[in-house]
Amino acid sequence: MSAELTAPIMGINRHRLTTDGVGVTSLVAFHGCPLRCKYCFNNQCHDPNFKVKFVTPKQLVEQLAIDNLYFLATGGGVCFGGGEPLLYSEFIDEFCRVKPQQWKVTIETSLAVPRANIELVVPHIDQYLIDVKDCNPDIYQRYTGRDNAQMIENLRWLLSQEGMAEKIIMRLPLIPDFNTPDDRQRSRALLTEMGAIHFDEFNYKTHINA
Ligand code: SF4
């Protein structure tokens, strides 16, 4: 018998309004991330000793169903974040097959994962919040510890899908000591050329991880 499909959840944040998708949403934070951002806002996702809870897709649906009425009344649902939720795309695929159809699904992702992980969830996702950081490879490498070629290629592919640009918000931070308003403008120009139409520009706070 094959092992049951589960994923490590760091926490569930209920009753969020307009921060990550339309209506009332519950944010589900997955453990683990392939990047090492200097100002990681959720550093426990890298901590192997952090106490996660392993759940099956069905168990997660049951837990979130406590807010079913809020989701239905406001057009909300679930937002997958982390960590990097697309490390668990099989889990998300299965979750979306067993959840109530009306629940909307938003995902916060860096897209720093293999293309196959993205392809699996595309049929289910209503909105994408893409944590681009910066399109300049040197800035990205210095800030995240990783090359951005995979992220850029995944973005190109995603934006080439019919009607996809409408569903995507590109998150473009100003990162103290890493990029400048001009760098961000260059990222935005490149993304626009690739077909992106929605952007969220904001400033990171300056706390640095020890
Ligand atoms: S992508 Fe997000 S969770 Fe991952 S290291 Fe960067 S800030 Fe942290």
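Taking region 141-169 only, how many residues are within 22 Å of residue 35 (Cα to Cα), part of a loop (DSSP other than H, G, I, E, B) and among the acidic types (Asp, Glu)?
Number of matching residues: 1.
Can you name the residue in region 22-60 that is part of a strand (DSSP E or B) and aromatic (Phe, Trp, Tyr) and, of all such residues, is farthest from the ligand (Cβ to nearest atom)? Working first, answer last.
Looking only at region 22-60, we keep the residues that are part of a strand (DSSP E or B), and these are 24-30, 53-55.
Pick out the ones that are also aromatic (Phe, Trp, Tyr) and you get 30, 54.
Details: 30: 9, 54: 19 Å.
Across region 22-60, the extreme among qualifying residues is 54.
Take residue 29 and decide whether it is among the small types (Gly, Ala, Ser) and more than 26 Å from residue 134 (Cβ to Cβ).
no
Go through region 78-102 residue by residue and tally those that are surrounded by 23 or more Cβ atoms within 10 Å (Cβ to Cβ), farther than 23 Å from residue 47 by Cα and either modelled with pLDDT under 95 or not β-branched (Val, Ile, Thr) (or both).
So the count comes out to 1.
May I ask you to list the residues in region 77-128 that are part of a strand (DSSP E or B) and away from the ligand (no atom under 16 Å from the Cβ)?
Across region 77-128, the qualifying residues are 77, 78, 104, 105, 127.
What's the number of the condition residue 133 fails, among (1) assigned to a loop (DSSP other than H, G, I, E, B); (2) within 13 Å of the ligand (Cβ to nearest atom); (3) farther than 22 Å from residue 197 by Cβ?
(3)
The values are calculated or read from the model by the stated rules, or taken from the named source; none is laboratory data. Computed from a predicted structure; not experimentally measured. Please note: Cβ atoms are built from the backbone with ideal geometry, for glycine as well, and neighbour counts cover all protein chains shown.
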